[in-house]
Amino acid sequence: MRPGMLLVAVAALASFGCGRIREVGECRELARLVNPALDEIAARVEKDRGAASYRFASTRYAKLSGDLQHFRLGIPRAQRTLGELSATMKDAGDHAARLADALDKGDAVVAADVRRELGQLARQQKSLTMRIHGDCSGS
């Protein structure tokens, strides 16, 4: 192989490596954004299942949804999934607010329905985060 061709090959590999390093950094930054927010919500709701905790969750989910809308990953497929996760967080926020209202009113039927829907959103969120994790780890 000629020295010029070797230089081109090394440059191509280096740029690929830098791109992957950047992607890994972006994925870690995303984890630092999402994980503490979800942990904070879970801890608050586990501690107290009252209306105030669900209002807090609603606000926190809404903020996380907005943060995710503006977050940019260097992985196109993961970026689409990130959009789905943002929408799921918005829905979770809306549902948490509905649950808080139902708890304030003492409406057990609506509260039970909304809790079931929040459970479905939690499963969807887990699926989306696993997909993003797979995209970030290259699987």
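Just so it is clear, none of the values below were taken in a lab; they were calculated from the coordinates. Note that the coordinates shown come from a computational prediction; the quantities given were computed from them, not determined experimentally. Cβ: placed from backbone, ideal geometry, glycine included. Neighbour counts: every protein chain shown.
Some notes on this structure:
- Failed condition for Asp135, given (1) surrounded by fewer than 18 Cβ atoms within 10 Å (Cβ to Cβ); (2) acidic (Asp, Glu); (3) in contact with a helix residue (DSSP H, G or I) (Cβ under 8 Å, 6 or more places away or on another chain): (1)
- Restricting segment 40-69 to residues that are more than 12 Å from the chain's Cα centre (by Cα) and of a type in the set (Asp, Glu), the residue that is surrounded by the most Cβ atoms within 10 Å (Cβ to Cβ): Glu40
- Number of residues in segment 95-131 that are touching a Lys or Arg at 6+ places or on another chain (Cβ under 9 Å), of a type in the set (A, V, I, L, M, F, W, C) and over 19 Å from Ala57 (Cα atoms) equals 0.
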